[in-house]
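The values are calculated or read from the model by the stated rules, or taken from the named source; none is laboratory data. Source: prediction; values computed, not measured. No Cβ is skipped: glycine too gets one built from the backbone with ideal geometry, and neighbour counts run over all protein chains shown.
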């Protein structure tokens, strides 16, 4: 034991000084996510000597988590991940302080000031939207972020520091895959199309909220308008069948509707099958006869690809189970006075229904059937998580954290885990911020408002035009969309609270001037705190141009809002034109470079060079012309 309060792991004491260990102990770090990476990372942080760790996660523990999230056991199922992780991990180092939150990181209480209280933030999330939110909050709070993620055997660790490195949004991220609705419901050509149909169309129409269509693209145009209308009629018919759920004929009605009548209707559309085989409808009576003697227990064999008759048996049995849950009012999603069910890959009843339904549809269209195990992976959008990958990624996060806490960003790296490459671990230097990034390539300011009395006009006139000098052409937007532009002035008299502007929210201002516009401005909204005389308590921090009793005030700042850099081809000449169109300085430099200067063609310029009073270069001069760059030594 060292320092009498905490224990160091011996290998670390060889690598780091006592002073640096004290830095670990005194640091406050935030860990967002208590899943596969989060469990490993929490353990690593504790054993590395970090003294104060806050961990937040909204999820509860599922059975499928236990094989790779080692802090959790069977008795923890359905309990909050963050709270259980704290309880179990605390045993690794009782001297450390762990604060756990079973909450959504996007809640208003986790505002910029809260993020600013940490020395370092770790992201261990699998949600794109939440990752972007944490990235934005860390940039606003100017707190370094270590972003991490895994996909199967691949992993990645990225250090993010405002103004110094790329942020999470500097590069485009793949969006969740969506499928055209007509392909899913009329012309499936892959097993995944049938799985999405069963999960995102049939299941919610029968047992959940109608049109749970996150994975469906309902874009309607002149070519598919008729088909979209037919599909709406299908949905209406299913709703009528749903109302007959208490009857004994419910299962047969569903089967006849989706696996026979709808398919017969599709067969009649001759144009649809000129270049593909026609689907073949299924018969309820024929399959009933064929499936005699098949036990519904076949559903437990999730590695086997079931026959059509076996899928028929599982389909009927799963409908009976789901129907009973709804009619008995068993736990589900409450929607008004109705109980709704939602698909969960770990819910056996819902998975059996989706697996059997998708395989029956695949048989109709002559597609390959899949095992229940494979369908679980595909329906849950899962690439199986590998515990070893999570452990390695978490270790790399801590190694990068050491460099961040030493402020050694020159040594920090982007780290990649790759199973297929020549090396398992590859690194890349941290890249500078993307000047076109909509998140980090922005100016930032703060305003204090009374949301119940401040209007959009106060923001536009008193802050943006009077204080910040914006012209006529700019737009203002927030999370609900554009709330002001030169053609949208109806909102000006409205209170900001009516437009979704509230405490700890963000407003984005886009300068739309054609000539030399400013970079986008991101404004953090804080509550205007006043005393009993309605005088702003932050008087010493706000601009002197704003009345203390105004419902909106701008935080004082010496920083200007920079202009957007011009494209390389539009840069202004770095020389001053003389009467003959070319400066003497440019002439002399070109002569020294052995270049020919043509009157009226300022295609050549000096950069990074200086001259003394005798016009003698004192440093190397770089002359750029259309054919490249020439370096001239100042001998």
Here, strands (runs of 3 or more DSSP E) confined to segment 420-490 with at least 2 residues that are closer than 30 Å to residue 153 by Cα are 425-429
Residues in segment 257-268 that are over 16 Å from residue 311 (Cβ atoms) and in contact with a helix residue (DSSP H, G or I) (Cβ under 9 Å, 6 or more places away or on another chain) total 6
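Looking at 316, 324 in this structure, which one is loosely packed, with under 12 Cβ neighbours inside 10 Å, over 16 Å from residue 370 (Cβ atoms), modelled with pLDDT of 90 or more and over 34 Å from the mean Cα position of the chain (by Cα)? Break it down stepwise before answering.
Values: 316 fails: loosely packed, with under 12 Cβ neighbours inside 10 Å.
Unique residue meeting the criteria: 324.
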Per the list (1) crowded, with 18+ Cβ neighbours inside 10 Å; (2) at pLDDT below 95; (3) not assigned by TED's automatic domain parsing to the domain that holds residue 47, residue check on residue 354 breaks on (2)
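Given 189, 148, which one is part of a loop (DSSP other than H, G, I, E, B) and either within 30 Å of residue 368 (Cβ to Cβ) or in contact with a helix residue (DSSP H, G or I) (Cβ under 8 Å, 6 or more places away or on another chain) (or both)? Even if it seems obvious, please write down each step before you answer.
Numbers: 148 fails: part of a loop (DSSP other than H, G, I, E, B).
189 is the lone residue from the list that is part of a loop (DSSP other than H, G, I, E, B) and either within 30 Å of residue 368 (Cβ to Cβ) or in contact with a helix residue (DSSP H, G or I) (Cβ under 8 Å, 6 or more places away or on another chain) (or both).
Here's the yes/no breakdown for (1) under 20 Å from residue 24 (Cβ atoms); (2) in contact (Cβ under 8 Å) with a residue 12 or more places away in the chain; (3) in contact with a strand residue (DSSP E or B) (Cβ under 6 Å, 6 or more places away or on another chain):
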site	(1), (2), (3)
84	no, yes, no
102	no, yes, yes
107	no, no, no
111	no, yes, no
121	yes, yes, yes
134	no, yes, yes
146	yes, yes, yes
Residues of segment 25-68 being buried (at least 24 other Cβ atoms within 10 Å of the Cβ), at pLDDT 90 or above and in a loop (DSSP other than H, G, I, E, B), in sequence order, are 33, 34, 50, 57
Out of (1) modelled with pLDDT under 90; (2) over 22 Å from the mean Cα position of the chain (by Cα); (3) at negative phi, the one residue 510 does not meet is (1)
Residue 342 fails exactly one of (1) more than 35 Å from the chain's Cα centre (by Cα); (2) in a loop (DSSP other than H, G, I, E, B); (3) under 14 Å from residue 207 (Cα atoms), namely (1)
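Pick from 410, 428: which is touching a strand residue (DSSP E or B) at 6+ places or on another chain (Cβ under 6 Å) and surrounded by fewer than 16 Cβ atoms within 10 Å (Cβ to Cβ)? Steps first, answer last, please.
On the way: 410 fails: touching a strand residue (DSSP E or B) at 6+ places or on another chain (Cβ under 6 Å).
The match here is 428.
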The one condition residue 395 fails out of (1) at pLDDT 90 or above; (2) part of a loop (DSSP other than H, G, I, E, B); (3) in the same structural domain as residue 170 (by TED's automatic domain parsing); (4) under 26 Å from the mean Cα position of the chain (by Cα) is (2)
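Residue-by-condition table, conditions (1) touching a residue at least 12 places away in the same chain (Cβ under 8 Å); (2) farther than 15 Å from residue 443 by Cβ:
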position	(1), (2)
469	no, no
479	yes, yes
487	no, yes
501	yes, yes
506	yes, no
509	yes, no
521	yes, no
527	yes, yes
